[in-house]
Structure formats: structure tokens, C-alpha cells
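Engineer: Sharing a structure below in C-alpha cells format, with a few things to ask.
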Amino acid sequence: RLAMDGLTATQQKLLDAGRAEFLEKGFKSASLRNIVKQAGFTLGAFYGYYPDKASLFEALAEPAAGELVDMFRQAQDAHFDLLPKGETVKSRALSTRYLSAFLDFIYKNFDAFKLIVCCADGTNYEGYLHRLVEIEVDRTEQYYAILRESGKARGEVSREVHHMLTSAYFDAVFETVRHNMPIERAKEHIAQLSTFFNCGWDGLIKIL
């Protein structure tokens, strides 16, 4: 018997029980036996779907985590699309619009990102935010290099400082998840963060 999204009813119950256990205790302290008990099944039934506790966590986190990375890469590509149009001056505003779209997506998948941000120690997702930062820094460094070569940017920032600022920005954005902010309040905070960081970047690297 299938539940939503092509999952069996058993699989859905295991996911629901796992989500509750991971959110309450974090991955490391979560009990697989308790997850199975709360779902109303045996360990044998669990192993028919997932080889271990980490795989269950991944099943809960990866769909949203992977899609956000894809969205993030598309946003990076959109900045490069400004180059042939001669519209690079719109870069900061474009970043702000994409950030708003990211926030909407995060809140539509709030439990998944709560798991990733707050409960992922001991899993492959404990470095998730760092991976996003690395993508941002790598692509933005490439973008700035092209802008400088074409006379469309002034200013220089070391990669180390770039990484520090980007890490601070991403960490601040995901504070909305850590503190369970209502989405309207989160949007207000993100708007202020965007203004603050955009002004700071304009002071360091001016896009013309």
C-alpha cells in the first residue's frame, strides 16, 4: 500500500518516527530501537527499507538539501548571465531576490533544514552550510575576476576574508531556522541582513 510520494505506509511511518526522534535528540543520541518502536514495527521491518540510522536521516534530509544546492547553483549561473547583457550592476539586487526564494524554499521544507542545521552532528550533513559557502566563494571569485578584467568592478578582498564574510552571512540566514522564527519575522530579518551585507560588499568591491 502506497502513501504519499510513492512511499509505502510502513516507510512513511518510519520516516515520521525518525523525524520526531532526530528533531528531539539529534542524530547521535537518537535511538533506532525507539524509532522502530514508535513507528510500530520491528528492526527487521526497518532494515527492509534502510540499512542503518544514517540512511534514514539521509532520506529525511537529502531531497530538500539537494534541491537547495541545485537552486543555489542556478542562482550563481544567473549572475554570469548578466555579463553579456551588460547588467552586472544588478548583481546585488539579484542576490537579494534569490535569497528571498531560498528562504521560501527553506520554510516549505522547514523540518528537513532543522535536521540539517541543528541535528546533523555525526552525519554527512554536519558540513552542509560549509559546502554552500564554498560554492558561493568559488563562483563569486570567478565572477569578480571577470568583472575586474572588464573594468566592471573595483576593489580587492582576500579569499580568506571572502570566506569569513560569506560564512557569517549564511550562518545568520540559518539563524531563522535555529530559532524557529515565523516566516514573516524571518523575512524581515533577512531583508535587514541583505541591506547590511550588500552595503558592506559595496564598500569592499564596487560593481560598476
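The values are calculated or read from the model by the stated rules, or taken from the named source; none is laboratory data. Quick caveat: nothing in here was measured; it's all calculated off a predicted structure. FYI the Cβ positions are ideal-geometry reconstructions off the backbone, even for glycines, and counts take in every protein chain you see. Calculation scope for accessible area: heavy atoms of the full protein, side chains included, ligands and nucleic acids excluded. Shrake-Rupley method; radii C 1.70, N 1.55, O 1.52, S 1.80 Å.
Engineer: Identify the GluC sites (Glu not before Pro) of the stretch 96-140 meeting these criteria: DSSP loop state and at most 15 other C-beta atoms within 10 Å of the C-beta. Can you show the working numbers first?
Structural biologist: Details: sites: GLU126, GLU134, GLU136; in loops: GLU126.
Those that pass, being in a loop and sparsely packed, are GLU126.
Engineer: Given contacts defined as C-alpha pairs under 8 Å and at least six residues apart, what's the relative contact order of the stretch 1-132, whole-number percent?
Structural biologist: Relative contact order for the stretch 1-132 comes out at 30 percent.
Engineer: Follow-up. Among SER150, SER167, SER194, what's the order by accessible area (1.4 angstrom probe), most exposed first?
Structural biologist: Of SER150, SER167, SER194, the descending order of accessible area is SER150, SER167, SER194.
Engineer: In whole percent, and with a 1.4 Å probe on the protein chains, what portion of the accessible area of the chain is carbon and sulfur?
Structural biologist: Ligands and nucleic acids excluded, carbon and sulfur reach 53 percent.
Engineer: Over the stretch 50-189, give the accessible area per residue in Å² for a 1.4 Å probe, as an integer.
Structural biologist: Per-residue accessible area for the stretch 50-189 comes out at 51 Å².
Engineer: Quick one: 3J(HN,Hα) in Hz for the stretch 200-206, Karplus 6.51/-1.76/1.60 with θ = phi - 60°, rounded, Gly and Pro as x.
Structural biologist: x, 5, 4, x, 9, 9, 8
Engineer: Follow-up question, since we're still on this one. Using DSSP to call loops (not H, G, I, E or B), can you name the GluC sites (Glu not before Pro) in the stretch 1-80 whose Cβ has at most 14 other Cβ atoms within 10 angstrom?
Structural biologist: Filter output for the stretch 1-80: empty list.
Engineer: Related question: Give me the accessible area of LEU115, 1.4 Å probe, in Å² rounded to the nearest 10.
Structural biologist: About 0 Å², rounded to the nearest 10.
Engineer: For a quick check of understanding: with a 1.4 angstrom probe and all protein chains in place, what accessible area in square angstrom does ASP81 have, to the nearest ten?
Structural biologist: We get 80 Å² for ASP81.
Engineer: So, one more: How charged is the neighbourhood of ARG139? Take every other residue with its Cβ under 12 Å from the Cβ of ARG139, and add Lys/Arg as +1 and Asp/Glu as -1. Could you put the intermediate results ahead of the total?
Structural biologist: Details: positive: ARG73; negative: ASP77, GLU134, GLU136, ASP138, GLU141.
Around ARG139, the charge tally is -4.
Engineer: Could you tell me the extents of the chain's C-alpha atoms along the three principal axes, largest first, rounded to whole Å?
Structural biologist: Principal extents (largest minus smallest coordinate, Cα): 65, 30, 30 Å.
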